[in-house]
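Contents: one structure, followed by commentary.
Taken together, the values in this text are just the output of simple stated rules run on the coordinates, not laboratory data. Worth saying up front: this structure is predicted, and the values here are computed from it rather than measured. Cβ sites come from the backbone with ideal geometry, for glycine too, and all protein chains shown count toward neighbours.
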């Protein structure tokens, strides 16, 4: 079964607005990563945040991690039509192996021009 | 560097047949992981190979198997195909430096009729 849950399942916003997606997980983790997937194609790595970090930025992306609540959020600022995609969080549980990622169900983001 | 490549990109098989999918990791990467993505179950970890050895395995039946060659290329095989095996199969590679980021290929879309 999937460890991660993402909220919302679908999000539709206007271009230029900010988009926030949330992810929750169940067990202790080493890292949490966010990936983007366009139309059932391969996954593109966006950002990795370690369990001892609370916030990380990369361009228009801002990720937060709250290990006490076992949750993370991904904020995309000033959204663009090209940001339309599905976004997944993925965790590697402590003792599970760094390459054994557990993915959430994803948030489908639609940016309307 | 060239990215992760997967062949074939699309495949149609019938129930009971077997299939072999191939993955070539990024040059210098020695770890290859495989994932299955379906609308119902999402992204699920199949197995991971490192230096020709299976290092981690997900909860899939024995019909799903894999191997890795000395050049780090990996294959996965599914025997006695079932309708439920229809999915996008993704492979990902990771560098030997221990970085956790996995780089994904475009996937092989398998349809079982």
1/(1 + (r/R0)^6) with r = Cβ-Cβ of residue B:51 and residue A:12, R0 = 41 Å, i.e. FRET efficiency to nearest 0.05, evaluates to 0.35
Relative contact order in percent for the range B:2-49 (Cα pairs under 8 Å, 6+ apart) equals 30
Cα extents of the range A:1-93 per principal axis, largest first, Å, are 35, 27, 20
Largest fluctuation, B:40, B:66, B:58 only, Gaussian network model of chain B with Cα springs under 10 angstrom, belongs to B:40
Between residue B:7 and residue A:50, the FRET efficiency computed from the C-beta separation at R0 = 35 Å comes out, to the nearest 0.05, as 0.55
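Would you mind ranking A:47, A:111, A:29 by Cβ crowding within 10 Å, fewest neighbours first?
Taking fewest neighbouring Cβ atoms as first place, the list is A:47, A:111, A:29.
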Averaged over all viewing directions, the convex hull of the alpha carbons in the protein assembly as shown casts a projected area in nm² of 12.2
For the range B:1-109, averaging the sequence separation of alpha carbon pairs under 8 Å that lie six or more residues apart and dividing by its residue count, the contact order in percent is 35
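Can you give the extra length, in nm with one decimal, that the chain gains between residue A:110 and residue A:30 once fully stretched, where that is 0.36 nm per residue apart less the Cα-Cα distance? Walk me through the numbers before you get to the answer.
Details: separation 80, 0.36 × 80 = 28.80 nm, distance 3.04 nm.
In short, 25.8 nm is gained.
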Note to self: Kirkwood Rh of the range A:8-58, Cα pairs, one decimal, Å, is 13.3
Under a Gaussian network model of chain B whose springs join Cα atoms within less than 10 Å, the largest fluctuation of B:52, B:82, B:100 belongs to B:100
Partner shielding of B:45-51, as the mean number of partner chain Cβ atoms within 10 Å, equals 3
Using alpha carbon centers only, the range B:29-101 is separated from the range A:19-57 by a whole-angstrom value of 20
Dividing the mean separation of Cα pairs under 8 Å (6+ apart) by the residue count of chain A yields a relative contact order in percent of 38
Ranked on Cβ counts within 10 Å of their own Cβ, fewest leading, A:57, B:29, A:45 go A:57, A:45, B:29
Over all directions, the range A:53-92 yields a Cα convex hull whose mean projected area in nm² is 3.4
With Rh as the Kirkwood radius over Cα pairs, chain B has Rg/Rh of 0.95
